[in-house]
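Asks: I am attaching a structure below and will ask some questions about it afterwards.
The values are calculated or read from the model by the stated rules, or taken from the named source; none is laboratory data. None of these values were measured; they are calculated from a predicted model. A quick note on method: Cβ atoms are made from the backbone with ideal geometry, for glycine too, and the neighbour counts reach across all protein chains shown. Accessible surface is based on the protein model in full, side chains and every heavy atom, while ligands, DNA and RNA are left aside. Shrake-Rupley method; radii C 1.70, N 1.55, O 1.52, S 1.80 Å.
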Amino acid sequence: MITFHNVCKTYEKQHVIKDFSLTIHEGELFVLIGPSGSGKTTTMKMINRLIEPTKGHITIKDNDIATLNPVALRRNIGYVIQQIGLLPHLTIQENVSLVPRLKQMAVEEYHARVQELMRMVALEPSTFAERYPHELSGGQQQRIGVIRALAADPDIILMDEPFSALDPISREQLQDELIRIQQELKKTIVFVTHDMNEALKLADRVGIMQNGHLVQVDAPQQLLAHPANDFVKTFVGNQHNAMLASLLPITQIMQPAHTMYAHQTIKEAQTFMLKHQLDMLIILDRQEIYMGSVTIWAIYQQHYDPETLLQDVIQSTVAVLSHSATIEDLTALLHVQTQPITPVLNRDQRVMGVINSTEAAAYIATL
Ligand SMILES: Nc1ncnc2c1ncn2[C@@H]1O[C@H](COP(=O)(O)OP(=O)(O)O)[C@@H](O)[C@H]1O
Ligand SMILES: [Mg+2]
């Protein structure tokens with residue numbers, strides 16, 4: 001959707017953006033994050049041509065934006081900044097409908113839309129439409145900034161630290177609203193922040209910038225699990241471990257399960273376990289549904305009859321984890337149980353894999 005092709009931006013002798021290449025997909029909420037001065041705002045302003053690249057080019061839907069009329073381009077790209085700058089002498093309704101009016105949309109069309117958008121951010125039009133900006137709180141004004149960017153129904157929305165001046169509660173609320181709006185309207189959103197919590201909460205993908213370079217682009221979970229270098233690690237590592245743990249799915253450290261059927265014999269199981277050096281086996285019924293597990297110790301106790309079926313020695317009380325469980329859930333489980341492996345089941349009670357307790361504990365220790 002939006003592609004940077006080897007873009008550079010230089011002021012005098014300072015290289016502010018260095019060989020920047022990136023594709024932001026349609027309908028994606030892409031978060032650019034990095035320390036102050038790393039080039040986030042410059043990168044964003046090149047998308048709506050408030051800043052022109054020194055080298056390279058940017059395409060939107062394969063059109064080089066350098067060939068487009070910048071004013072027309074900007075009308076089709078919503079833009080939200082920290083100080084949203086609502087016009088003080090216009091009502092909320094008039095502020096929000098400014099761009100639709102500039103685009104010569106029909107009054108009835110944008111009127112209905114403005115009302116709909118106001119309700120979307122929990123500002124009842126009958127109460128707020130005729131108010132002036134100074135009659136709204138900071139959080140409410142910022143909501144208006146967000147819906148003003150949406151009013152003309154642009155495909156792309158650029159948001160440069162839009163919530164960073166807000167108190168933590170308003171900020172959380174606006175983040176939640178943005179997530180809802182995005183799910184509903186499927187805009188392509190480029191969101192700049194220096195707050196990693198915000199990035200991890202909002203992003204489909206995060207791009208981390210350092211000194212004008214893009215150092216890593218990944219989904220939040222990948223970023224946490226596989227930071228590309230020490231800079232990213234430190235940047236991400238400032239988060240609390242609990243935050244990491246609550247986000248990381250256990251499937252990340254899952255291994256393939258060794259399974260047998262309940263109607264197989266302990267003799268078969270013993271051979272299989274010796275061969276694969278297993279302490280514990282996962283047992284399935286004929287429909288491949290999870291039944292329980294069998295340990296090597298349980299089998300040794302039955303050595304007098306090698307033809308005993310596994311269903312007679314099965315342990316059905318072992319703890320299991322759902323495929324949607326997180327490392328946090330696993331940590332809680334490891335505190336209370338001692339089994340060597342824990343099966344991971346999907347909704348249909350089928351075994352997706354296992355978590356090895358020793359390896360999981362070692363992994364958690366590195367978080
Ligand atoms: N108009 C300009 N002239 C010279 N240097 C600039 C100008 N605009 C930005 N810079 C420099 O470019 C770098 C990146 O700035 P910016 O994109 O605003 O960073 P960020 O948004 O990540 O904080 C900074 O070092 C800044 O000082
Ligand atoms: Mg900035």
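Asks: Show me the helices (runs of 4 or more DSSP H) found entirely inside region 192-288 where at least 1 residues are surrounded by fewer than 18 Cβ atoms within 10 Å (Cβ to Cβ) and in contact with an Asp or Glu (Cβ under 8 Å, 6 or more places away or on another chain).
Replies: Helices (runs of 4 or more DSSP H) meeting the threshold: 241-247, 266-276.
Asks: Residue under question is Ala362, and the condition is that it be free of Cβ contacts under 8 Å to residues at least 24 places away in the same chain, exposed (fewer than 14 other Cβ atoms within 10 Å of the Cβ) and within 27 Å of the chain's Cα centre (by Cα); does it hold?
Replies: It is true that Ala362 is free of Cβ contacts under 8 Å to residues at least 24 places away in the same chain, exposed (fewer than 14 other Cβ atoms within 10 Å of the Cβ) and within 27 Å of the chain's Cα centre (by Cα).
Asks: Quick check: anything in region 306-313 within 23 Å of Leu247 (Cβ to Cβ) and either exposed (fewer than 13 other Cβ atoms within 10 Å of the Cβ) or not hydrophobic (A, V, I, L, M, F, W, C) (or both)?
Replies: Checking region 306-313: not a single residue is within 23 Å of Leu247 (Cβ to Cβ) and either exposed (fewer than 13 other Cβ atoms within 10 Å of the Cβ) or not hydrophobic (A, V, I, L, M, F, W, C) (or both).
Asks: One residue is enough: does region 59-73 have a residue meeting the conditions at pLDDT 90 or above, farther than 28 Å from Thr43 by Cβ and in the same structural domain as Ile17 (by TED's automatic domain parsing)?
Replies: no
Asks: Pairs only if they're at least six apart or on different chains, beta carbon under 6 angstrom, first in region 36-52 and assigned by TED's automatic domain parsing to the domain that holds Asp64 and closer than 13 Å to Glu161 by Cβ, second open to solvent by less than 10 Å² (accessible area, probe 1.4 Å) and within 8 Å of ligand 2 (Cβ to nearest atom); list them, first residue then second.
Replies: From region 36-52, the pairs are Lys40/Val192; Met44/Val192.
Asks: In region 155-174, how many are under 27 Å from Glu28 (Cβ atoms), more than 16 Å from ligand 1 (Cβ to nearest atom) and at pLDDT below 90?
Replies: Of the residues in that region, 7 qualify.
Asks: Follow-up question, since we're still on this one. Find the helices (runs of 4 or more DSSP H) located wholly in region 18-133 whose residues include 3 or more that are within 15 Å of ligand 1 (Cβ to nearest atom) and open to solvent by 10 Å² or more (accessible area, probe 1.4 Å), and list them.
Replies: Filter on region 18-133 gives 40-47.
Asks: Now, a different point. Checking the conditions here, which among Leu174, Leu214 is away from ligand 2 (no atom under 16 Å from the Cβ) and touching a residue at least 12 places away in the same chain (Cβ under 8 Å)?
Replies: Answer to the check: Leu174.
Asks: Within region 1-17, which residues are more than 16 Å from ligand 1 (Cβ to nearest atom) and out of contact with any Gly (no Cβ under 6 Å at 6 or more places or on another chain)?
Replies: Met1, Ile2, Thr3, listed by residue number.
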